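Here's the structure we're looking at; comments come further down.
Quick note: the coordinates plus some simple rules give every number you see, no bench work behind them. Computed from a predicted model, the values in this text were never measured in an experiment. Note: ideal-geometry Cβ built from the backbone for every residue, glycine included; neighbour counts use all protein chains shown.
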Amino acid sequence: MTPNRGLMTAVAVPLLLLGACARPGVAGEAGSPGSAAPVTESTPADPTIALRVEYRGGYVPAETIPSRIPLFSVYADGRAISEGPVTLIYPGAALPNLREIKLSEAQVRQLTADAVAAGVSSGSDFGTPGVADIPSTRISVVTAGGEQSVEVMALSEARPDDTSLTASQQAARKKLSAFVKSLHDLFAEGGSPAAAPYRAERVAVLASPYQQTDDGIVGAPVKWPAAELPGPFLNEQLRINCLTVEGAAKDEVLAAAIDANERTPWESAGKKWQIKFRPLLPDEKECADLRRQA
């Protein structure tokens, strides 16, 4: 069984309820939301976001929030990145399975138009279902009229007979869910264009003191090959530290982590650390960029 790790983490690990604050709904004026923003296919490595889908909040361990990876990130230059399927084992692999495809200018324009047609625009009403502890899905798209975004609680989990939702809200949710499914289909095995591994220029390393659990799993310690852990605080209250590796240091870290799992203890500065690896996306440059997740 190979679920998406982002969804699996968001809905299957009931450890700590984190009340995450919602981001603003719309940036800029509405203008003509159905018109995609200009995209220049010949512009190399443009990290401007054209479309993003990500989870927010939910009943998950607070320390996992900064390492969350958006479900889909589509950039103005045609790059599209998503987390691929992972094997359902415990502990899971240390490195996430990020996949990348290259879309044409026409495809990017069509996706942004499809997002707006599916309801990603100011004033869309998706209601609030009678469920708790489920992540909301935030979808943002850049149009000629500015950024449009919606945040929908329990987009796929609400029951068809939920009396908290009107018929029109149920219909709006169904339409938006179909759009999200179309994005999943883009990355499906055998899809066109074919997905390839995403090669991040930088990787954020979120470290915390290693704690032995009652699951009986004790991995062999691995010597940390880069700058000493744990790095500066990303969130002092939650005791989450983060440092960024790039260049030759990043390559050494990835080589050391390829056979590691989520419970592997890493040795640095005379201590053992537990690490979550978060490859930074093209619009992310440093650990501080991960604070948007909270």
How many nm separate the modelled label positions at Arg291 and Asp133, each set 7 Å beyond the Cα in the direction of the Cβ? 3.0 nm
Can you run phi through the Karplus equation (6.51, -1.76, 1.60; θ = phi - 60°) for the range 245-252 and list ³J(HN,Hα) in whole Hz, with x for Gly and Pro? 10, 8, x, 5, 5, 4, 4, 5
Ordering of 177-190, 59-72, 210-223 by packing [mean C-beta count within 10 Å, highest first]: 59-72, 177-190, 210-223
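Relative to the present Cα-Cα distance, how much length would full extension add between Gln211 and Thr166 at 0.36 nm per residue of separation?
11.5 nm
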16 Å reach of a label modelled at Ser156, 7 Å along Cα-to-Cβ, counting backbone N of the range 71-111: 71-73, 82-88
Rounded to two decimal places and with Rh computed the Kirkwood way over Cα pairs, what is Rg over Rh for the range 200-293? 0.95
Taking R0 as 22 Å, what's the FRET efficiency between Ala113 and Ala196 from their Cβ-Cβ distance, rounded to 0.05? 0.25
What Kirkwood hydrodynamic radius, in Å, does the range 47-148 give when the mean of 1/r is taken over all pairs of distinct Cα atoms and then inverted? 15.5 Å
Which far-off residues, 5 or more places away or on another chain, put their amide H under 5 Å from the one on Asn235, with H placed in the peptide plane? Ile240
Do you know the relative contact order of the range 214-294, to the nearest whole percent, from alpha carbon pairs under 8 angstrom that are 6+ apart? 33 percent
Can you give the local net charge around Leu243? Use residues other than it whose beta-carbon is closer than 13 angstrom to its beta-carbon, Lys and Arg +1, Asp and Glu -1. +1
Using alpha carbon centers only, the range 177-242 is separated from the range 45-93 by a whole-angstrom value of 10 Å
